[in-house]
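Notes for the one structure printed next.
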Amino acid sequence: MCCRIAVERAFSEMKASGAPDRHALEAALIIHRFHHPEIPFDEALTEVSRWTVGRLVH
């Protein structure tokens, strides 16, 4: 999707500022939903999580 870079950037910049994962994920989800309001919330959350939190190594 065309918004993936913006979504990943929002997440990484929130994390770099010290925000918890949950807040960074919410910010990234807001950007995704702005660009793709037609995508159901659950699908958007799954996709954004895959792009962001799913990449983290614990």
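Here is how the numbers come out for the structure above:
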{"item": "Residue tally, condition open to solvent by less than 30 Å² (accessible area, probe 1.4 Å), of a type outside the set (A, V, I, L, M, F, W, C) and under 10 Å from the mean Cα position of the chain (by Cα), over segment 26-43", "result": "1"}
{"item": "Glu8 open to solvent by less than 90 Å² (accessible area, probe 1.4 Å), touching a residue at least 40 places away in the same chain (Cβ under 8 Å) and acidic (Asp, Glu)", "result": "yes"}
{"item": "Residues (among the acidic types (Asp, Glu) and either modelled with pLDDT of 95 or more or surrounded by 17 or more Cβ atoms within 10 Å (Cβ to Cβ) (or both)) located in segment 14-25", "result": "none"}
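The values are calculated or read from the model by the stated rules, or taken from the named source; none is laboratory data. Owing to the predicted nature of the structure, the values given are computational and were not obtained by experimental measurement. Every residue, glycine among them, receives a Cβ derived from its backbone with ideal geometry; neighbour counts consider all protein chains shown. Accessible surface areas use protein heavy atoms only, side chains included; no ligands, DNA or RNA. Shrake-Rupley method; radii C 1.70, N 1.55, O 1.52, S 1.80 Å.
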